[in-house]
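Q: Sharing a structure, written as structure tokens. Questions coming.
The values are calculated or read from the model by the stated rules, or taken from the named source; none is laboratory data. Quick caveat, the model's predicted, so the values are computed rather than measured. When we count neighbours, we look across all protein chains shown, and the Cβ atoms used for this are built from the backbone with ideal geometry, even at glycine.
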Amino acid sequence: MKAMLSRRAALTAGAGLFVALGLPGAPGALAQTNLSNPPATDVDSMIVISADGRCAVLTSKTEFGQGILASLAQIAAEELDLPYEMVEVPHPDTDRMPDHGLTGGSATLQVVGPRVRIAAATARAALVRMGAERLGVTLEAVETADGAVRVKNAPDRRAPYAELIGGRRFDLQPDPNARVKPRAEWKVAGRPQPRPELLAKLTGGGDYIHNLRLPGMLHARVIHAPGLGAEPASVDASSIAEIPARIVRRNGLLAVVAEREWDAVRAARDLKVEWTAGKAIPSMEEVYDAARRTPEVRQDVTVNRGNPETALTEAAMRLEATYSFGVQTHGTIGPSCAVAQFEGGRLTVHSGTQAPFDLREQIAKTLGLGSPEVRVVYHHSSGCFGRNGLEDAAAECAALAMELAPRPVRLQWMRHDEHGSEPKGPPVVMDLKGGITAEGRMAAWDSEGWVPHSTVTLLRTTASQLLDKEDGGAPGSGNWHANSNPPYDGIPAAKTVVHRIAETPFRPSWIRTPGRVQNCFAVESFTDELAAAARKDPVRFRLDHLSDPRGRAVIEAAARIANWDERPSPRGGEGSGNFRRGRGIAYIRYDNTRTYVACVIAAEVNLDNGAIRATDAWIAEDCGQVINPDGIRMQAEGCVVQTLSRCLREEIAWEGNRITTLDWASYPLITFPEVPRITVEILDRPDQPMWGAGEPAAAVIAPAFGNAIFDATGARLRRAPFTPERVKAALNGAAKTPLP
Amino acid sequence: MPIRFTLNGKPVEAEPAASDMPLLYLLREEPFALNGPRFGCGLAQCGACTVLIDGRAVRSCSYPAEAVEGQAVMTLEGLGTAANPHPLQAAFHAEGAGQCGYCTNGMIMQSADLLSQNRRPSEDEIKEALAQNLCRCGGHNRMVAAVRRAAAQMAG
């Protein structure tokens with residue numbers, strides 16, 4: 001592999017990017033061209049070609065393992081006719097990058113991909129003009145290849161991009177009519193490419209936020225209250241008198257700071273603190289009923305056609321069920337970390353945040369600074385899969401840096417901080433009613449669900465709460481109402497209502513595939529209940545109610561690769577000894593507007609102890625035009641494993657207002673022996689828009705797994721995670737209820 | 001009390017901050033400033049901090065620094081470099097085994113221990129060897145494939 005740009009150099013200053021890109025022999029070029037502040041919509045805000053001919057793609061989108069560095073580089077390399085290795089996507093920096101919004105919602109390729117493509121195509125057209133002029137030939141006489149404009153049929157007559165534009169600005173607006181390469185001409189995109197950051201991470205490099213060490217840096221630990229909303233009542237400084245560490249206290253924010261990291265860790269461990277009682281929250285048993293009783297801020301009707309009330313009355317058979325999904329944590333392997341420094345009137349915060357620009361605003365408001373006085377620089381972090389503790393740690397660290405200025409401060413959360421104090425995937429509950437005709441078709445669907453009103457206003461950082469300074473809350477994200485409707489247009493009467501409630505016990509956060517994981521679990525499990533009541537095959541039943549050809553295609557593909565045996569569920573009777581095996585399917589069109597996924601899972605159930613296992617997962621996914629098939633595959637695999645983990649036993653527990661699941665023993669993740677074989681089929685749509693793949697496949701895992709367990713045993717799981725106790729209870733229930 | 005040990009093949013000397021200071025903190029602070037072993041839980045539950053001590057995988061977050069006196073410590077950096085990666089590192093790269101990559105230190109170091117004991121482990125033996133190492137991104141199957149690939153290459 002060719003030498004890559006130095007990430008470490010790229011993170012230093014706005015100008016550092018260009019130090020890294022190199023401007024040999026042209027020391028004045030940067031100052032003269034003011035490359036560091038192009039208008040936010042210019043080609044220059046997204047595409048920079050350095051003096052050595054390398055290309056940097058600039059965006060506020062962040063890489064945390066989902067492979068966007070590769071995909072965005074592929075798009076730019078393709079349109080610019082540059083070798084893949086010559087294109088880099090540097091870390092976002094609010095001083096340097098355009099604000100393309102936060103990273104999430106599987107939206108990076110969908111939103112930024114086309115913008116990068118148009119910017120790169122515009123740049124290429126400009127380079128063609130410059131090159132033809134330089135070479136003294138017409139536009140028609142030149143072509144681009146390998147980072148240069150060259151005369152067709154005379155490849156030795158060439159003008160490298162470095163000479164044409166290197167280190168200077170294009171000063172162009174992206175041209176929506178710029179010629180974009182058709183799929184047939186692609187050489188770099190549309191095929192697997194290695195992720196440029198991976199090898200460094202595997203060899204002890206990798207620009208993780210955890211690895212950032214600034215000269216003179218202090219180490220901090222914030223001591224979070226064990227109870228929700230509690231604050232320090234008294235602090236016994238003498239309890240750590242022997243440790244070279246100092247206590248920093250500002251309002252509710254309590255921290256210890258030391259020169260050596262271990263001294264900060266043990267000071268935080270040993271410091272004696274009395275806490276106030278904090279706020280009362282519903283118990284684990286009450287949390288879903290509490291959600292139903294919580295005042296509603298808004299109501300979304302996500303589908304409304306026909307008259308479900310009448311249709312239910314007239315239906316040959318009616319079913320009712322309630323589905324609920326547990327409170328979960330993001331489970332980041334590397335707890336949140338940040339480094340901050342206040343120097344010369346400016347605060348620089350280094351963070352693994354998904355949302356550098358929004359974090360800048362939150363920190364500025366919390367600390368009473370203006371936005372221009374705050375700079376946020378992104379570094380890789382441990383996979384966050386939603387808004388975990390990274391922004392909290394960053395804002396806390398920023399507050400400490402103000403107290404300890406001008407020294408830089410590194411704040412590392414401990415495991416119990418991450419499990420205990422990061423925001424949570426909220427409890428979600430849905431009540432459903434369905435009716436089927438005598439012929440076994442869905443006639444009516446009526447549901448209502450309860451989700452957090454917003455992860456916007458409710459998601460202030462811990463620092464904002466502890467310092468009692470409003471920060472405006474997090475940016476809009478989450479869309480917890482999404483996919484609360486059945487995806488089947490063949491249901492003549494359907495109404496689905498989502499109640500947006502004012503608060504949940506813990507700060508509600510978006511967590512991979514927010515709302516869709518929980519809603520699709522309810523919708524696609526209940527669809528399976530209706531299919532079973534109608535004695536129809538679950539795949540055939542879905543196809544019979546779905547007209548969308550792309551939706552049908554993923555369902556058919558998943559069934560085909562899984563070698564689906566067509567028959568109604570449950571299988572009944574079969575199986576050896578105490579084990580039963582079954583298969584289940586689930587389908588989603590993400591947000592009803594983009595990526596299509598279907599999944600078949602084969603499951604095994606131990607009737608004695610309620611232990612369950614997925615042995616195989618087959619995914620068929622259509623996310624439109626494919627840029628990096630290996631990236632899609634990798635994300636689908638990750639969605640399967642992570643969501644199975646969430647289905648098996650992941651659930652936050654609490655007593656009073658104290659979370660008790662503060663480590664991996666009490667909040668266990670899936671382990672290697674439990675991971676199924678996974679097969680992924682991608683349905684490439686070269687002529688369609690590109691859509692994301694980071695989240696959609698996660699939505700179908702819980703219902704496919706639950707439906708497979710039903711197929712194996714006749715036991716219906718309506719509460720996730722599917723703990724052995726819940727499986728056993730469902731098995732007992734199934735044994736008492738005659739099969740339809 | 002300063003302690004002496006071998007770090008990635010070189011004799012070194014260091015002074016722990018306290019008798020209960022885990023090895024991880026010593027390795028990550030100056031002058032060593034190593035990045036391979038990563039802090040994950042501090043409870044020996046996830047494996048992100050794994051190093052080899054006298055050839056065997058040890059969770060450095062829960063291993064007292066003082067205890068490495070006279071021992072040989074190997075970290076991910078000592079195993080190989082980006083320019084000259086160990087077969088395990090090269091295989092993880094080739095298989096795309098790692099998304100955020102944070103856990104991969106532990107996966108690779110634990111696998112290095114496994115391959116030193118069992119040159120051609122079966123798929124189930126690899127899964128068993130890594131059963132106490134946590135990955136959140138779901139890179140498991142690719143990691144198993146990577147260990148098999150490395151084993152095949154190392155066995156020649």
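Q: Condition first: under 30 Å from A:Ala636 (Cα atoms), in contact with an Asp or Glu (Cβ under 6 Å, 6 or more places away or on another chain) and modelled with pLDDT of 90 or more. Can you find one or more residues in region A:46-65 that meet it?
A: yes
Q: Oh, and also: For region B:84-134, enumerate the residues that are closer than 19 Å to B:Asn35 by Cβ, among the aliphatic types (A, V, I, L, M) and more than 9 Å from chain A (Cβ to nearest Cβ).
A: Passing the criteria: B:Met107, B:Met109, B:Ala112.
Q: Another one. So A:Arg191 fits all but one of (1) part of a helix (DSSP H, G or I); (2) over 28 Å from B:Ala48 (Cβ atoms); (3) within 14 Å of chain B (Cβ to nearest Cβ); what number is the exception?
A: Only one criterion is unmet by A:Arg191, namely (1).
Q: State all residues of region A:531-544 that are more than 11 Å from A:Pro568 (Cα to Cα) and assigned to a helix (DSSP H, G or I); if no residue qualifies, say none.
A: Our first condition is that a residue be more than 11 Å from A:Pro568 (Cα to Cα); within region A:531-544, this holds for A:542-544.
A:Arg542, A:Leu543 - these are the residues of region A:531-544 that are more than 11 Å from A:Pro568 (Cα to Cα) and assigned to a helix (DSSP H, G or I).
Q: Another one. From B:Ala67, B:Ala57, B:Ala155, B:Ala48, grab the single residue that is more than 23 Å from A:Thr679 (Cα to Cα), surrounded by fewer than 18 Cβ atoms within 10 Å (Cβ to Cβ) and either within 11 Å of chain A (Cβ to nearest Cβ) or modelled with pLDDT of 95 or more (or both).
A: Working: B:Ala57 fails: surrounded by fewer than 18 Cβ atoms within 10 Å (Cβ to Cβ); B:Ala155 fails: either within 11 Å of chain A (Cβ to nearest Cβ) or modelled with pLDDT of 95 or more (or both); B:Ala48 fails: surrounded by fewer than 18 Cβ atoms within 10 Å (Cβ to Cβ).
That would be B:Ala67, the only listed residue that is more than 23 Å from A:Thr679 (Cα to Cα), surrounded by fewer than 18 Cβ atoms within 10 Å (Cβ to Cβ) and either within 11 Å of chain A (Cβ to nearest Cβ) or modelled with pLDDT of 95 or more (or both).
Q: In region A:130-147, is there at least one residue being of a type outside the set (Asp, Glu), at pLDDT below 95 and surrounded by fewer than 17 Cβ atoms within 10 Å (Cβ to Cβ)?
A: Quick first cut of region A:130-147, residues of a type outside the set (Asp, Glu) only: A:130-132, A:134-139, A:141-142, A:144-145, A:147.
If we keep only those that are at pLDDT below 95 as well, we get none.
No: zero hits.
Q: Is it the case, given these coordinates, that A:Gly206 is at pLDDT below 95, buried (at least 18 other Cβ atoms within 10 Å of the Cβ) and over 30 Å from A:Asp42 (Cα atoms)?
A: Details: at pLDDT below 95: yes; buried (at least 18 other Cβ atoms within 10 Å of the Cβ): yes; over 30 Å from A:Asp42 (Cα atoms): yes.
For A:Gly206, the condition - at pLDDT below 95, buried (at least 18 other Cβ atoms within 10 Å of the Cβ) and over 30 Å from A:Asp42 (Cα atoms) - is met.
Q: Going through region A:600-650 one residue at a time, which ones are within 14 Å of chain B (Cβ to nearest Cβ) and part of a strand (DSSP E or B)?
A: To start, the set of residues in region A:600-650 that are within 14 Å of chain B (Cβ to nearest Cβ) comprises A:613-619, A:628-650.
Hits for region A:600-650 are A:Arg613, A:Ala614, A:Thr615, A:Asp616, A:Ala617, A:Trp618, A:Ile619.
Q: Do the conditions hold for A:Ile243, that is, is it under 27 Å from B:Phe39 (Cα atoms), in contact with a strand residue (DSSP E or B) (Cβ under 8 Å, 6 or more places away or on another chain) and buried (at least 16 other Cβ atoms within 10 Å of the Cβ)?
A: It is true that A:Ile243 is under 27 Å from B:Phe39 (Cα atoms), in contact with a strand residue (DSSP E or B) (Cβ under 8 Å, 6 or more places away or on another chain) and buried (at least 16 other Cβ atoms within 10 Å of the Cβ).
Q: Right, next: Would you mention how many residues in region A:400-419 are crowded, with 24+ Cβ neighbours inside 10 Å, in a helix (DSSP H, G or I) and in contact with a strand residue (DSSP E or B) (Cβ under 6 Å, 6 or more places away or on another chain)?
A: 2
Q: Go through (1) within 30 Å of B:Tyr102 (Cβ to Cβ); (2) touching a Pro at 6+ places or on another chain (Cβ under 9 Å) for A:Cys337 and report which single condition fails.
A: (2)
Q: Which pairs have Cβ atoms under 6 Å, sit 6 or more apart or on different chains, and link a residue in region A:265-289 that is free of Cβ contacts under 8 Å to residues at least 40 places away in the same chain and under 30 Å from B:Tyr25 (Cα atoms) to one that is assigned to a helix (DSSP H, G or I) and not small (Gly, Ala, Ser)?
A: Partner pairs satisfying both residue conditions: A:Asp270/A:Ile240.
Q: Ok, one more. Would you confirm, using the coordinates I've provided, whether A:His224 is within 11 Å of chain B (Cβ to nearest Cβ), closer than 24 Å to A:Leu662 by Cβ and touching a residue at least 40 places away in the same chain (Cβ under 8 Å)?
A: Working: within 11 Å of chain B (Cβ to nearest Cβ): no; closer than 24 Å to A:Leu662 by Cβ: yes; touching a residue at least 40 places away in the same chain (Cβ under 8 Å): yes.
Against the criterion (within 11 Å of chain B (Cβ to nearest Cβ), closer than 24 Å to A:Leu662 by Cβ and touching a residue at least 40 places away in the same chain (Cβ under 8 Å)), A:His224 does not qualify.
Q: Exactly one of (1) hydrophobic (A, V, I, L, M, F, W, C); (2) within 14 Å of chain B (Cβ to nearest Cβ); (3) over 30 Å from B:Tyr102 (Cβ atoms) is unmet by A:Leu164. Its number?
A: Of everything listed in (1) hydrophobic (A, V, I, L, M, F, W, C); (2) within 14 Å of chain B (Cβ to nearest Cβ); (3) over 30 Å from B:Tyr102 (Cβ atoms), A:Leu164 misses just condition (2).
Q: Could you tell me whether A:Ala159 is in the same structural domain as A:Leu82 (by TED's automatic domain parsing), among the hydrophobic types (A, V, I, L, M, F, W, C) and part of a helix (DSSP H, G or I)?
A: Here the answer is no, as A:Ala159 does not meet what is asked.
Q: May I ask you to list pairs of residues, at least six apart or on different chains, whose Cβ atoms are under 8 Å apart, with the first in region A:608-622 being closer than 17 Å to A:Leu644 by Cβ and the second being polar (S, T, N, Q) and part of a strand (DSSP E or B)?
A: Hits for this filter: A:Ile612/A:Asn606; A:Asp616/A:Thr679; A:Ala617/A:Thr679; A:Trp618/A:Thr679; A:Ile619/A:Thr679.
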